[in-house]
Structures are given as structure tokens and as C-alpha cells.
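See below for the structure under consideration.
Nothing in this text is a laboratory measurement; each read-out follows from the coordinates by a stated rule. These numbers come from a predicted model, not from an experiment. Heads up, the Cβs are rebuilt from the backbone with ideal geometry, glycines too, and the neighbour counts pull from every protein chain shown.
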Amino acid sequence: MKRRTFLKRSAAAGALAGAGSLGLLSFSSEKTFKHITILHTNDVHSHIDPFDRDHPQFPGMGGVARRFTLIENIRRENPNTLLLDAGDIFQGAPYFNFYGGELEFKLMSKMKYDAATIGNHDFDNGIDGLAAQLPHADFKFLSANYNFKNTILDGQVQPYHVFVKDDIRIGVFGLGIKLEGLVNKNLYKETVYQDPVEMATQTVQKLKENEKCDLVICLSHLGYNYRDETISDMKLASLTRNIDLIIGGHTHTFLPKPTVTNNLDGNNVLVNQVGWAGVNLGRIDFFLDPEGGKNSKGATILV
């Protein structure tokens, strides 16, 4: 896609998000803002090729090559960009059945993903199958609430990672959905699910107090929202502090722009999810001023 076309589409899709600490964009000529761009996907489910042009729901949409073109255009626009995924990379196309996830990880590495969390379908070839593909992934796998101590993944998945872009410290951590009743025990073996709210609280405290992070991002495979009390991204936001952005997955929710909701202290949190199958690319732009103020805008970009 030509850069001019991309910018027009991005501007058309962009939505000013929030107020207060994540407020409406307002700039002063006396301040020098630092600009951080977050790009994200979720639930791509091994969809490497675009959908057929006669597909009833997503005609001609998606595809890794197109996504890569968009990502590269945005990186040229702003080198201070992170590319993240919220899980369920595997399962959904013959590529996974034949290659077992190798191709998905190699292509994500070519696109220079920075980090991903683990979705329930990423266990579909078992925890051993997932571990066997990790050498093909040149990016971080993050999960704060899956304890892999007695499994083959012990030491290969970290709770969080701190990225530094233009001297801005960005803490990214992962959360996964409860596997019991959703995934066969034989597939995830001794993986222990821990309470996501408790683990998020502990992890964010480390990111803010020990790691001195300016931005905190959660990669969540919990699901956007539920009618019952099941923990979701929206509930997580309301029960925690100091998370700036929750990038969600699992429920395949198509959001035209990030949802702005309140955290435990009444401050704003952005929650976003961009459907599934790679038909959209999420984009969040943060603007930080020297006094610690944050502004943001969000866009969902059609691939």
C-alpha cells in the first residue's frame, strides 16, 4: 500500500481516545512530545494468505504480505514502534497442520514482532509442540500467570519484558485464559494457571516501582467482556492500577477503535482487540510530555 494511501486510511480510522492521563490530544508548542506507536494483532490462527475474493465475510482481506507492508510503512513514519500479538497464533489453516507452527513463527520473526502472549490454541500440538517451534521465534513470549516450572517451557517464557524506545521505558506483560475445561490436560501438562488479577497487580507494581516504566501494556488472552463474572479485559482494567493499554484476544472481538474505561483509581485505560485472522492491524499512538502527561489516539486498520 502506498504511504499516502495508508496515511489517509489511518487518519480516517483514528479516534481520539480518553481524557485525563490518557486525554484528548492537545499539544503545546513549548513542550517536546515523545511519540510511541504500538501495533498489534490477535487470534491470527495461521491465516497467512488473504481470504478468497468471494469469501462471504472477509473478501480478499488479510494476508501476511499486506500486513508486513503496512507495518513497514508505519515504522518508516515512526521508528519508535512496537509490534505485539495477543495469542492464538496457531490453528485455523492447513499451514499449521502441515508445519506445526514453524511457518507462523518464521513469518512473525520476518515482520519483526517484539513480543507475544500464549493463547489456548497455541497448545493444540501440546506444550512439547509449542516448545519445539520456539527456536523459530525471534521475539519474546510473555505470560505472567502461567507457571511453567515443571514443564519443558520452564525458563523460556518470561512474565514481562521492558522495551526502551526514545528513552521511554515500556513494560509489556502477558496474561492467559484458564486452560482447565478449555484445553485437554494432556496438552498443557503441568502448566499452572494463576489468578490473572493477582498476577497483573504484582507484575505492574514491579514494572512501575522497580523497572520505572513510563508505559505499561498488557497482552491478554482473557477475552474482551462476558455477561457473567468470568475475568475479562474489561474487568481486569477495572480491578487494577497503572495499566495504560490492554491488547486483547480470544473472543475475536472487532472494535472500530479502542474502548476507554476506568481502572481501580478512576484513571483511563485503553482496551483494544482487532477481530481475528489478521484482517485488521491495531494501532495505538502515545504522546508523552516531559512532565509525565500522556495522550493517545487509536486506529483499526483494514488489511
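Table for the structure above
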item	result
³J(HN,Hα) computed for each position of region 80-87 - Karplus, 6.51 cos²θ - 1.76 cosθ + 1.60, integer Hz, glycine/proline x	8, 10, 10, 10, 10, 9, 9, x
Cross-link partners of LYS112 among aspartates and glutamates (Cα-Cα below 12 Å; sequence separation of 8 or more within a chain)	GLU72, ASP85, ASP138
Reachable aspartates and glutamates, given that their alpha-carbon falls under 14 Å from the alpha-carbon of LYS185 and they are not under 8 places away in the same chain	ASP122, ASP124, ASP128
Furthest towards positive pole of dipole, HIS35, GLY275, MET199, structure part the chain, Cβ charges	HIS35
Under the Karplus curve 6.51 cos²θ - 1.76 cosθ + 1.60, θ = phi - 60°, whole-Hz ³J(HN,Hα) for region 287-295, x wherever Gly or Pro sits	10, 10, 9, x, 8, x, x, 10, 10
Reciprocal of mean inverse Cα separation for the chain (Kirkwood radius, Å)	19.3
Among GLN158, GLN91, GLN202, residue whose mean-square fluctuation peaks in a GNM of the chain (springs only between Cα atoms under 10 Å)	GLN202
Within the chain: Cβ-based charge dipole about Cα centre, in debye rounded to nearest 20 (Lys, Arg +1; Asp, Glu -1)	1020
Region 207-282: chymotrypsin sites (Phe, Trp or Tyr not before Pro) in DSSP coil with no more than 15 other Cβ atoms inside 10 Å	TYR226
Cβ-based net charge around PRO59, under 9 Å, with every Lys or Arg adding one and every Asp or Glu removing one	-1
Positive-end residue of GLY92, PHE254, GLN158, charge dipole of the chain with Cβ unit charges	PHE254
Environment charge at PRO79 (Cβ cut-off 14 Å; Lys +1, Arg +1, Asp -1, Glu -1)	-1
³J(HN,Hα) computed for each position of region 233-243 - Karplus, 6.51 cos²θ - 1.76 cosθ + 1.60, integer Hz, glycine/proline x	4, 5, 5, 4, 4, 6, 9, 10, 10, 6, 8
Around LYS235: net Lys/Arg minus Asp/Glu count, Cβ-Cβ under 15 Å	-2
Helix-only [θ]222 nm of the chain, DSSP H runs n ≥ 4, -39500 (n - 2.57) each, per residue, nearest 500	-6000 deg cm²/dmol
Electrostatic dipole magnitude of region 201-287 [Cβ: Lys, Arg +1; Asp, Glu -1; Cα centre; debye, to 20]	80
Unit charges on C-beta of K, R, D, E only; dipole of region 25-144, Debye	600
Nonlocal Lys pairs with alpha-carbon distance under 24 Å, region 187-303 (8 or more apart, or different chains)	12
Inter-part distance where region 226-258 and region 198-225 are each reduced to a Cα centre, Å	13
Hull shadow area, averaged, region 159-268 [alpha-carbon convex hull, nm²]	8.1
For region 61-203, the spread of Cα positions along each principal axis, largest first, Å	45, 39, 25
